[in-house]
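First the structure, in the form of structure tokens, and then the observations on it.
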């Protein structure tokens, strides 16, 4: 059975390698945009510019601990994912 990539590449008249490379780049850029949007949403929710600033607001009692701690954990995970996606795009 032929791989989908091979069939599509043949129909488009491009190499499977080019199709795979461009598809991966599109996926990475799309995922990066989604991650950046989620990061922006959390930062805007607390009117802060960084994870560090959010943590400071939590510690000083400027925002309620719940759900801010959970949002901070999510934010830190998203920032790490953004870093990995950005690195992958540079390959």
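No value in this document is a laboratory result; all are computed from the given coordinates. Here the structure is a predicted model, which is why all the values come from computation and not from measurement. A quick note on method: Cβ atoms are made from the backbone with ideal geometry, for glycine too, and the neighbour counts reach across all protein chains shown.
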The chain: spread of alpha-carbon positions along the three principal axes, whole Å, largest first, is 60, 24, 18
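Helix-only estimate, please: 222 nm mean residue ellipticity of the chain, summing -39500 (n - 2.57) across DSSP H runs of length 4 or more and dividing by its residues, to the nearest 500.
Details: 4 runs with 74 residues, N = 91.
One gets -27500 deg cm²/dmol as the mean residue ellipticity at 222 nm.
Give the order of 42, 79 when sorted by the count of other beta carbons within 10 angstrom, beginning with the fewest. Kindly include the intermediate steps, with their values, before the conclusion.
Working: 42 18, 79 14.
Ordered by Cβ neighbours within 10 Å, fewest first: 79, 42.
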Enter the angle in degrees (range 0 to 90, nearest 10) between the Cα long axis of helix 16-46 and the first principal axis of the Cα atoms of the chain, meaning the one along which they spread out most.
10
If you line up the long axis of helix 65-89 against the longest principal axis of the chain, both from Cα atoms, how many degrees apart are they, to the nearest 10?
30
